[in-house]
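To keep things clear, I will list the structure first and then write my remarks on it.
The values are calculated or read from the model by the stated rules, or taken from the named source; none is laboratory data. In this text the structure is predicted, and so the values were computed from the model without any measurement. Heads up, the Cβs are rebuilt from the backbone with ideal geometry, glycines too, and the neighbour counts pull from every protein chain shown. With ligands, DNA and RNA removed, areas are computed over all heavy atoms of the protein, side chains included. Shrake-Rupley method; radii C 1.70, N 1.55, O 1.52, S 1.80 Å.
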Amino acid sequence: MADTALLIVDVQNDFCPGGALPVPEGDRVVPVLNRAIERFAQSGAPIIASRDWHPEKSTHFATYGGQWPVHCVQNTPGAQFHPDLRLPANTIVVSKGMGEHEDAYSAFDARTDDGSSLEDLLRSQGIRRLVVGGLATDYCVRASVLSALEQGFEVLVLRDAVRGVDVQPGDSEKALTEMQSRGAKLVALDEVSLN
Ligand code: VGL
Ligand code: ZN
């Protein structure tokens, strides 16, 4: 059984150029992630996609006292995965940030439609290693990687498959260094061996 899963973090229209909270070059992660998806699918390893899935009213948004423009509102086009991302039909989708007072940057705060947490899901499938890519390096990727490490998972970050918002210049670089110092490895897809 595969002990490694692919975790694709928040590759949604609102985080890509033209979206409500665009990450510069956010769409550039898509082709790299499509290659990763192919590899994982071929070896029968699980593919998990997290999505930011906010209610219309949320203290996460600047209009209600938070930090961000309105983005990834449930069931809107901006919350859809990028149209070029080739997620297989058996992708496990986990949603986060559904509470009205919830930022939920980490995919470990996300749940499936039937209420399983990401951690339960990974443990029940015998996953001990995560390969991670997506958006944004300095928010949801960072938070997800740090939670995974805290929970004892081995983490490989696909360095060509992440992009950050850089609210302050250098935030993404800082986040990558922090992830590495806590034990994550930054790798290219070709360096990842499955099985
Ligand atoms: C994210 C800011 C606000 C992310 C989500 O997915 O990195 N960033 N909500
Ligand atoms: Zn959000």
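Things to note:
- For the chain, built as a Gaussian network whose Cα springs stay under 10 Å, the top-fluctuating residue of Tyr64, Tyr105, Tyr139: Tyr64
- Neighbours of Gln74 by Cβ distance under 10 Å: Lys/Arg scored +1, Asp/Glu scored -1, total -1.
- Spin-label pair Lys185/Asp113, simplified geometry with 7 Å Cα→Cβ offset, distance in nm: 3.6 nm
- Inter-centroid distance (Cα atoms) of segment 117-195 relative to segment 44-100, Å: 18 Å
- Protein heavy-atom accessible surface, 1.4 Å probe, per residue over segment 4-191: 44 Å².
- Stokes-Einstein D for segment 4-191, Kirkwood Rh over Cα pairs, 20 °C, 1.002 mPa s (µm²/s): 132 µm²/s
- Asp109 accessible area, 1.4 Å probe, all protein chains in place, Å² to nearest 10: 80 Å²
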